1. Counting other Cβ atoms within 10 Å of each Cβ, which chymotrypsin sites (Phe, Trp or Tyr not before Pro) in the stretch 55-86 have at most 14 and sit in a DSSP loop?
2. Leaving ligands and nucleic acids out of the surface, order Lys180, Lys185 by accessible area at 1.4 Å, largest first.
3. Rounded, prolate or oblate, given the Cα gyration tensor of the stretch 1-109, with a/c below 1.5 counting as rounded?
4. Can you give the accessible area per residue of the stretch 18-133, in Å², using a 1.4 Å probe?
5. Give me the percent of the accessible area of the stretch 18-73 that comes from carbon and sulfur atoms, probe 1.4 Å, all protein chains in place.
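The values are calculated or read from the model by the stated rules, or taken from the named source; none is laboratory data. Quantities reported herein were computed from a predicted structural model and do not represent experimental measurements. Glycine gets a Cβ as well: all are built from the backbone with ideal geometry, and neighbour counts include every protein chain shown. Accessible surface areas use protein heavy atoms only, side chains included; no ligands, DNA or RNA. Shrake-Rupley method; radii C 1.70, N 1.55, O 1.52, S 1.80 Å.
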Amino acid sequence: ARWRLRDSGLDENRVQQASGEGLPFANNTFDYALSLQVLEHVRDPESFLREVYRVLIPGGRFYLACENYLAFREQHYRVPWLPLLPKPLGAAYLRAIGRKPEFLFEHVTYTTYPQVVVQAHRAGFRNETATPLVQRLTSPETIRSERKRTLARLFQKVPESGSLLRSVLHARNIFAVGIKLYLVKPR
């Protein structure tokens, strides 16, 4: 990162290295935070989420992408995997296929879609992952056929317009390989 900044003629000292569980920034500092494939590598994911929440301004947005260990694939090793496979069994499996398991033990914390959603909520975030799709699916402009109108009316009759649709959309992510969340710190 420093090299890229320097190469672009920018101040390389803008980059700070820190633990995600203890960010060296004041409260309410940033408008936007981005975490790509980091959460599964911190020791305490919930502390990391609380820290990101702390440094965001009210109304600040956070895009989070990480691995989902309820999936049937281990993305770091790019191998088939049983969901939440205990690490000693995972290490034996990796050795059996000629891979070194040290990375699994030293650098991976299992993260799951339901766990991350709950932890983000406990940290204070509002989850807006499905909001754009819910709005698009239930908007009059996109509802042309009778089937779509019926579906939209069903979702709109549920308390919190679209909450059933949100539940369905989130349920499809439970076993997905990756977790992608659009989070907002409420104003």
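1. Within the stretch 55-86, the qualifying chymotrypsin sites (Phe, Trp or Tyr not before Pro) (loop, at most 14 other Cβ atoms within 10 Å) are Phe72.
2. Lys180, Lys185
3. Verdict is prolate for the stretch 1-109.
4. Result: 50 Å² per residue.
5. Roughly 56 percent of what the probe reaches on the stretch 18-73 is carbon or sulfur.
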